[in-house]
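Some notes on the structure that comes next.
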């Protein structure tokens, strides 16, 4: 893309450069991760100093629109996935609401000995095998979450279930199980070797861990789910309403 700055305009040069950059980073290739042109090349094309150009770039960095990485370059910050506390959905439903096309990079469903958390949640014998669903999911450019779900032994899943449809839609339409309540825990950690490899990040990079304890309309435990998210791809929004009836 070629663009120019009007050197005869009363608008400051850095402001003009800032506006041109805003237009540039809306283009699909830059949204998808392409690096911006080098500062020296951009400043020469615009016929402004590198300090003037850097002033414009710094403004967009401060607004969390761009990120600089030493030795790599400058690129658009990937938009985060937002999840809201007051109206929880399955992951597929969340992504549909956000108009994000999800790709499945890995998928497996098998019967395994339960994890300690699932054993306690479902109150089962540690030797009783449960269905475990594991999926690596994300945008087409890269995965951003690795999921592991364990299910109540009372759900008669078919061995050939491919989980192409949203999970809670399958439970309701195929097994007459209507989920109602999700109790969640969010924590921060650093990626170990396994998660770093799955999410294509470095060992020690920050991640968010999201645990879900899901119940049906009869308050029976249905699913224990844990997701490991890239920290820069997920934001959890919470809205709290104060009970003013207790205020004097």
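The values are calculated or read from the model by the stated rules, or taken from the named source; none is laboratory data. All of these numbers come straight from a predicted model, not from anything done at the bench. Note that each Cβ is placed from the backbone with ideal geometry, even for glycine, and that neighbours are counted across all protein chains shown.
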Check your understanding: Before we move on, is residue 75 touching a residue at least 40 places away in the same chain (Cβ under 8 Å) and out of contact with any strand residue (DSSP E or B) (no Cβ under 9 Å at 6 or more places or on another chain)?
Key -> no
Check your understanding: Is it fair to say residue 10 is under 28 Å from residue 140 (Cβ atoms), loosely packed, with under 15 Cβ neighbours inside 10 Å and more than 24 Å from the chain's Cα centre (by Cα)?
Key -> no
Practice item. Would you check which residues across the range 166-189 are surrounded by fewer than 14 Cβ atoms within 10 Å (Cβ to Cβ) and out of contact with any strand residue (DSSP E or B) (no Cβ under 9 Å at 6 or more places or on another chain) and list them? Key: 169, 173, 176
Point to revise | Selection from the range 22-41 of residues that are under 17 Å from residue 55 (Cα atoms) and out of contact with any helix residue (DSSP H, G or I) (no Cβ under 6 Å at 6 or more places or on another chain) | key: 22, 23, 24, 25, 36, 37, 38, 40, 41
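I need a count of the residues in the range 167-212 that are assigned to a strand (DSSP E or B) and in contact with a helix residue (DSSP H, G or I) (Cβ under 6 Å, 6 or more places away or on another chain).
The first filter runs over the range 167-212 and keeps only residues assigned to a strand (DSSP E or B), leaving 179-190, 206-212.
Cutting the leftovers down to in contact with a helix residue (DSSP H, G or I) (Cβ under 6 Å, 6 or more places away or on another chain) gives us 179, 206-208.
Residues meeting the conditions: 4.
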Check your understanding: Here are some conditions: (1) modelled with pLDDT under 65; (2) surrounded by 13 or more Cβ atoms within 10 Å (Cβ to Cβ). Residue 86 meets all but one. Which one does it not meet?
Key -> (2)
Check your understanding: When only residues in the range 37-55 that are free of Cβ contacts under 8 Å to residues at least 40 places away in the same chain and assigned to a loop (DSSP other than H, G, I, E, B) count, which is nearest to the chain's Cα centre (by Cα)?
Key -> 37
Exercise for review: Test each condition in (1) at pLDDT below 80; (2) not in a loop (DSSP other than H, G, I, E, B) for residue 17 and report the one that comes out false.
Suggested key: (1)
Exercise for review: Looking only at the range 214-229, decide whether some residue is within 17 Å of the chain's Cα centre (by Cα), farther than 15 Å from residue 118 by Cα, crowded, with 20+ Cβ neighbours inside 10 Å and in contact (Cβ under 8 Å) with a residue 60 or more places away in the chain.
Suggested key: yes
Point to revise | Pairs with Cβ under 8 Å, 6+ apart, first in the range 172-190 and under 16 Å from residue 231 (Cβ atoms), second surrounded by 11 or more Cβ atoms within 10 Å (Cβ to Cβ) and at pLDDT below 90 | key: 186/236; 188/231
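In the list 224, 236, which residue meets the criterion of being modelled with pLDDT of 90 or more and in a strand (DSSP E or B)? Reasoning before the result, please.
On the way: 236 fails: modelled with pLDDT of 90 or more.
That would be 224, the only listed residue that is modelled with pLDDT of 90 or more and in a strand (DSSP E or B).
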Practice item. Search the range 126-156 for residues being assigned to a loop (DSSP other than H, G, I, E, B) and in contact with a helix residue (DSSP H, G or I) (Cβ under 8 Å, 6 or more places away or on another chain), and hand back the single one that is surrounded by the most Cβ atoms within 10 Å (Cβ to Cβ). Key: 152
Point to revise | The listed residue being without any contact (Cβ under 8 Å) to a residue 24 or more places away in the chain and more than 21 Å from the chain's Cα centre (by Cα), out of 126, 153 | key: 126
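Residue 114 - would you say it is at pLDDT below 95 and either touching a helix residue (DSSP H, G or I) at 6+ places or on another chain (Cβ under 7 Å) or assigned to a loop (DSSP other than H, G, I, E, B) (or both)?
Numbers: at pLDDT below 95: no; either touching a helix residue (DSSP H, G or I) at 6+ places or on another chain (Cβ under 7 Å) or assigned to a loop (DSSP other than H, G, I, E, B) (or both): yes.
Judged against the criteria, residue 114 is not a match.
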Point to revise | Residues satisfying the stated conditions in the range 51-74, i.e. exposed (fewer than 13 other Cβ atoms within 10 Å of the Cβ) and at pLDDT 90 or above | key: 51
